[in-house]
């Protein structure tokens, strides 16, 4: 047991903050649904819109560019109007983007789908920029990583449900092999593709309506303001001044590569499974993805409590090392063992985002909002790396080769965990502004 953590830790969530914590935690679940459905859309768009694997990866590019564009405006909105205003705007944009799927499906227009995903992601950028730091500061500083991991556990529940929903409703059509499509008339193929495009409409209609309902609930609730949470106001600094903290700069780098690895692995899991086990149906592969993402929830629930007894930095290093080994196995092995190795990476990814985030904002006080914006901007890694993985797959002639990219990304996470532990971030203090 780590002596710097101690045996008598304060409660993860204090009683007076439980209602606010529960409401904000529901946001983690809601944005997980949208993010994880992208992994199903990538495969579905290849069929419905007749596009390549590399082209379909633009789903993630549009999505995570939206996050990038939203982060700084969200941080500024929080500064001037508070967390609640940012959450309400985020939910409104989320709902609007979901409803854009209806005309996009009717037109079978990939560009309009990308616009819809971009709008959804801007909304999610506002939600994450507000919710992540709010949960982190909603109690004692030293329990911030554990509290954020606990909230992210419900994000894991959304990750499980999204591929399941995708398997049931989006992959509900007829699955044809390449040989079967070649034997069909052009008219029959066009009719099949149009029917496949229509399958995305019901899930996104329900998602849009649900976000409208959640916005009403948030609007009618009260949030404890940041001033009640122990943050003392100091001299106002420029928005980018927070980058003088080495912990913020390095956390941004680590988060960039972590999100790149996560999005890359999950985006191509279904394609990877189909390539290694050709007899597996898309629906079955989607269910396996759901089960893998279920391990994220297991990992976050367990991680929240392990971190009360073990330094978060040590756990981060151990999990990063495990995923480096698993990605290597996915590249070197074939068939079921390769799929199993990739499947297991989700458990070890579970604590990475919230732990990197909490360590990055640790001890920053009033600068937490600014640091949060830059950490959310780092999610742009999810936009840039999947297309690179698609190119690697097509150039090297195998889906398994693309897993070299996330393996290298996890090496960066390991580096950050080692640095953060040496810098003493487990104590909840901001480190010096040099380094």
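The values are calculated or read from the model by the stated rules, or taken from the named source; none is laboratory data. Bear in mind that the values here come from a model prediction, so they are computed numbers and not experimental data. Positions of Cβ are backbone-derived with ideal geometry, glycine not excepted, and every protein chain shown enters the neighbour counts.
Going residue by residue through the range 373-389, is there one that turns out to be within 30 Å of residue 241 (Cβ to Cβ), in contact with a helix residue (DSSP H, G or I) (Cβ under 7 Å, 6 or more places away or on another chain), in contact (Cβ under 8 Å) with a residue 12 or more places away in the chain and in a loop (DSSP other than H, G, I, E, B)?
No: zero hits.
If you take just the helices (runs of 4 or more DSSP H) that sit entirely in the range 33-107, which of them hold at least 3 residues that are at pLDDT 90 or above and in contact with a helix residue (DSSP H, G or I) (Cβ under 7 Å, 6 or more places away or on another chain)?
Ranges flagged: 58-81, 83-99, 101-107.
In this structure, is residue 157 over 30 Å from residue 10 (Cβ atoms) and either in contact with a strand residue (DSSP E or B) (Cβ under 8 Å, 6 or more places away or on another chain) or touching a residue at least 24 places away in the same chain (Cβ under 8 Å) (or both)?
When the stated conditions are applied, residue 157 does not pass them.
Do we have residue 140 as surrounded by fewer than 20 Cβ atoms within 10 Å (Cβ to Cβ), out of contact with any strand residue (DSSP E or B) (no Cβ under 8 Å at 6 or more places or on another chain) and within 25 Å of residue 352 (Cβ to Cβ) here?
Yes; evaluated as a whole, the condition is true for this residue.
Could you figure out which of (1) at pLDDT 90 or above; (2) buried (at least 24 other Cβ atoms within 10 Å of the Cβ) isn't true of residue 134?
Of the numbered conditions (1) at pLDDT 90 or above; (2) buried (at least 24 other Cβ atoms within 10 Å of the Cβ), the odd one out for residue 134 is (1).
Being surrounded by fewer than 24 Cβ atoms within 10 Å (Cβ to Cβ), at pLDDT 80 or above and within 25 Å of residue 135 (Cβ to Cβ), is that true of even one residue in the range 387-406?
Looking through the range 387-406, none of the residues is surrounded by fewer than 24 Cβ atoms within 10 Å (Cβ to Cβ), at pLDDT 80 or above and within 25 Å of residue 135 (Cβ to Cβ).
Going through the range 354-367 one residue at a time, which ones are in a helix (DSSP H, G or I) and surrounded by fewer than 24 Cβ atoms within 10 Å (Cβ to Cβ)?
Within the range 354-367, 365, 366, 367 qualify.
Please go through the range 286-308 and pick out each residue that is modelled with pLDDT under 85 and surrounded by fewer than 17 Cβ atoms within 10 Å (Cβ to Cβ).
Within the range 286-308, 305 is the sole residue that qualifies.
Considering each residue of the range 1-17, count those that are surrounded by 13 or more Cβ atoms within 10 Å (Cβ to Cβ) and either at pLDDT 85 or above or in a helix (DSSP H, G or I) (or both), and give that number.
1
When you check residue 154 against the structure, is it within 30 Å of residue 76 (Cβ to Cβ) and crowded, with 24+ Cβ neighbours inside 10 Å, yes or no?
Considered against the rule, which asks whether it is within 30 Å of residue 76 (Cβ to Cβ) and crowded, with 24+ Cβ neighbours inside 10 Å, residue 154 comes out as no.
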